[in-house]
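**Q** Submitted below is the structure of interest, expressed as structure tokens.
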């Protein structure tokens, strides 16, 4: 199955499903590797389709919110400021992921929508319970950010750009 047709099928499957569809399920159904599905989801998102990644799989966003993939880079001391910038502007940080040259896409669900969420996350980082994925890719990383409108997402990107985080 050619890429464009496969992406149309993925979109159709997500539209028909009320539950998340795992990358492995989609890969088996469409007879491709999970990595191909990951790449297809990235392309679908870039085309404006609002797909969320959860720990149970991919889900089409239906609540009127918009999502955007944002590529950023900063040092460890700026993690809190970056995340505060997003949530203070009305965004929700769904995940963080990196594109590692050996391991491919590595992702962690965050679901940060308030300063308290960010504070809790920063506390986990400082306690050594978790380590930022950005350490694997010279601080480059991506976030899926959701918000109530494209204007809010544009504003978030503007603020991140002003601070020198946006790539």
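**Q** Within the range 127-149, can you find the residues that are surrounded by fewer than 14 Cβ atoms within 10 Å (Cβ to Cβ) and within 20 Å of residue 87 (Cα to Cα)?
**A** Once the filter is applied, which keeps residues that are surrounded by fewer than 14 Cβ atoms within 10 Å (Cβ to Cβ) and within 20 Å of residue 87 (Cα to Cα), the range 127-149 yields only 149.
**Q** Within the range 26-43, can you find the residues that are surrounded by fewer than 16 Cβ atoms within 10 Å (Cβ to Cβ) and either in contact with a strand residue (DSSP E or B) (Cβ under 7 Å, 6 or more places away or on another chain) or over 17 Å from residue 103 (Cα atoms) (or both)?
**A** Passing the criteria: 28, 29, 31, 35, 43.
**Q** Among (1) in contact with a helix residue (DSSP H, G or I) (Cβ under 8 Å, 6 or more places away or on another chain); (2) at pLDDT 95 or above; (3) surrounded by fewer than 17 Cβ atoms within 10 Å (Cβ to Cβ); (4) within 18 Å of residue 73 (Cα to Cα), there is one condition residue 165 misses while meeting the rest; what is its number?
**A** (3)
The values are calculated or read from the model by the stated rules, or taken from the named source; none is laboratory data. Computed from a predicted model, the values in this text were never measured in an experiment. All Cβ positions, even for glycine, are placed from backbone atoms using ideal geometry, and neighbour counts span all protein chains on display.
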